[in-house]
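Here is the structure we will look at.
The values are calculated or read from the model by the stated rules, or taken from the named source; none is laboratory data. Note that the structure is predicted; figures quoted are calculated from it, not measured. Neighbour counts run over all protein chains shown; Cβ positions are idealised from the backbone, glycine included. With ligands, DNA and RNA removed, areas are computed over all heavy atoms of the protein, side chains included. Shrake-Rupley method; radii C 1.70, N 1.55, O 1.52, S 1.80 Å.
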Amino acid sequence: MIKKSLKQYCDEIDPWDSWMNNYKKYVPLFIKEAATKTHWETWEKDVFKEFFEQSNDQCVSSLKQGYFTKKEQQQIKEHWEELAPLLKKIADSQNQPLWEVYQEIKKWIRRFTSQDRKAATNRLIASLQPNLLCTIVNEDKLWELFNKLETYTTVEHIDFVWGNWFKNSYNIFKLFQKELQPQNAMDIVTYPWQILEHLRYIQKEQNNMSNYIEEKKELIEKNYNLILTGAPGTGKTYLAKEIAKAMGAEYDFVQFHPSYDYTDFVEGLRPTPPDNNGNIGFERKDGVFKSFCKKALNSKTLNVVDNFNECWDKLINILNEQGYLQIPLLSGKSSFRIELNVNGDGLTNRTYENNDYSKDTWIHGMSKFFSKEQMYNVYRGLAGVPSGGHDNYRKAIIQYMIQNVGLSQYSKGTISSDNNKKFVFIIDEINRGEISKIFGELFFSIDPGYRGEKGLVKTQYQNLITDTTDPFYNGFYVPEDVYIIGTMNDIDRSVESMDFAMRRRFAWKEVKANENTGMLDSFGQLKDEIAEKMNQLNNAIWDEGNNEGIEGLSAAYHIGGAYFKKLELYLNDDKSNLKEAYQKLWENHLRGVLFEYLRGSFNAADNLKKLEEVYFSEDKTNE
């Protein structure tokens, strides 16, 4: 969860003007009466009623808290000469909190009430010092605000003293004054309550989203493979990542397209960099999915000792600085010279004319080349190349690295079955690639019933895997902790290319535009209005409830929240130009996609005009 500053949250809300105006009207009168009148009978009638007798809709608090009973009011009036001096002390101190006087009033009122009227008492005191005290007079609600501010905002810590509403109220209001820096504290009096309600709403939305994600999480954990379908812009890719996070999984991401193939996904032959003689070769390389599965398997390996990459970089740096190194042979009887190859990413032992080591005198075709991969094979006890040629040189270089650059003796570690970490591979636009071509024999391995070694298959390049430590040396399988999530738009024509053999291996879940609106949270209080406009437009495209709309379209043609999030491109900082932003969204984004939806259909122009009218209608009950 990304936290915002308190100021950012306050910018998302509009003050309750009518409430604040009532507050500004009555509170100064209340302070004046408390400072000048010693008898309750001489108070201005409406002011006295507002603060001592009225039980609902008070201007100081939006709570409809229980107030003083008639009997309690009478008791307070009969002893008014004791209360009046205390009220006057507070009224005369508008810039300094009077902690002891607050407590004295609290104890005094408690003498005449059948129960502790905390909220009513706090309300009276808050009304006398509007520059110092918050108008949330219920201590539990005040604690809720403290808690939510620390959860959702960048405020690091706010002191909260249990049982002391006065100090807590003071700390909260000072925090708001510091963040908003108002000229008049009364201009921000509604903000604590409004921020509390705003953060409650955000929490509710997050809980709804959490439940929504949890449902999908349970689905993929049971089925291993899941495809999220739905209209464009419904946040399927974002949702896939959130599902992976909810699983506590490590995830990777790839997007299919028409040129994507088996070589990219599983494995294939890839060209190698030119050697010293300019020759380009080919070697087998793992594709992204096979590499991902290998990572999942390696995550279960403990106590591995392997610092080869770090020490290789050290060796390369030494050669960059010195130009060459003399490496003793394993026998110790002589040595040989290594330099960097032309590309600077491998080692070479060159033959020079007349043993002249001048830069341009080495003989092409008379060099021994040692790549990083070959050296790493030897480091792990394997042959550098399948034939093992020149491995004595490679072993000597490894020995030199152990003795001089801190290379540790390799240990492959042990396999642990206690590691329950999960891995999620996300395939965006899964239907845009040629599925059969990309997955090849993996159709069998990805089947939920064949996870693990029981789903082992021989890949097309299996005979080229010579590394016996490769976890897939004997064949490839999808580990049991690897899950696959694909995303696809229902209206994409390439949906038809996904054959039934692949379809039955996945669970399918539609993501609807009106369900996944979390991406609109950044609009704050405008979210509901924007979501309503989106739903209004979608119901005009196709209303699933009434099964009616534009002929030839369906819910698959709805417009998702990702389109409406583009409003951020056009809104100014205070979001006061929302109407103009709606116009730009229509012109630059929505009209084009809707035109494509309707292209070639009967009455296309009229239907586009109808959708435009619905979009710009301010009537929320629009047909």
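Here r is the Cβ-Cβ distance between Lys368 and Val305 and R0 is 25 Å; the resulting FRET efficiency, rounded to 0.05, is 0.30. Averaging the sequence gap over all C-alpha pairs within less than 8 Å and six or more residues apart, then dividing by the number of residues, gives region 92-145 a relative contact order of 38 percent. In this rough spin-label picture, where each label sits 7 Å from Cα along the Cβ direction, the Asp499-Thr351 distance is 5.4 nm. Placing R0 at 35 angstrom, the Cβ-Cβ distance between Glu214 and Gln183 gives a FRET efficiency of 0.15 after rounding to 0.05.
In this structure, the pairs whose alpha-carbon distance is over 29 Å, taken from Lys3/Lys300; Lys216/Lys533; Lys4/Lys236, are Lys3/Lys300. Between Lys333 and Tyr473, the contour length at 0.36 nm per residue exceeds the Cα-Cα span by 46.6 nm. Students often get this wrong: which residues of region 366-396 have the backbone nitrogen under 19 Å from the point 7 angstrom along Cα-to-C-beta of Asn279? Of the residues in region 366-396, 366-375, 384-394 have backbone N under 19 Å from the label point off Asn279.
For Lys609 and Gln462, a Förster radius of 56 Å and the Cβ-Cβ distance give a FRET efficiency of 0.40, rounded to the nearest 0.05. The distance between label points at Ser554 and Gln322 comes to 7.1 nm (points 7 Å beyond Cα on the Cα→Cβ vector). Give me the percent of Cα-Cα pairs in region 319-444 that sit more than 25 Å apart, rounded to a whole number. For region 319-444, the fraction of Cα-Cα distances above 25 Å is 48 percent. Cross-link reach is defined here as a Cα-Cα straight distance under 12 Å, omitting same-chain residues fewer than 8 places apart; for Lys167 the aspartates and glutamates meeting it are Glu100, Glu139, Asp159.
Share of carbon and sulfur in the accessible area of the chain stands at 46%, probe radius 1.4 Å.
Computed extension gain for Gln74 through Ser601, at 0.36 nm per residue and net of the alpha carbon distance, reaches 181.9 nm.
Please compute the Kirkwood hydrodynamic radius of the chain from all pairs of different C-alpha atoms, in Å with one decimal.
Averaging 1/r across every pair of different Cα atoms and inverting gives 31.5 Å.
Ignoring aspartates and glutamates fewer than eight residues from Lys609 along the same chain, the ones with Cα atoms less than 20 angstrom from its Cα are Glu532, Asp543, Glu548, Glu551, Glu580, Glu587, Glu596, Glu618, Asp619, Glu623. What pairs from Lys107/Lys141; Lys71/Lys148; Lys245/Lys579; Lys204/Lys575; Lys204/Lys245; Lys24/Lys49 go past 27 Å between their alpha carbons? Long pairs (Cα-Cα over 27 Å): Lys71/Lys148; Lys245/Lys579.
Per residue of the chain, the DSSP helices (runs of n ≥ 4 H) give a summed -39500 (n - 2.57) that works out to -12500 deg cm²/dmol at 222 nm. Length gained on full extension, Thr272 to Glu144, computed as 0.36 nm times the residue gap minus the Cα-Cα distance: 39.9 nm.
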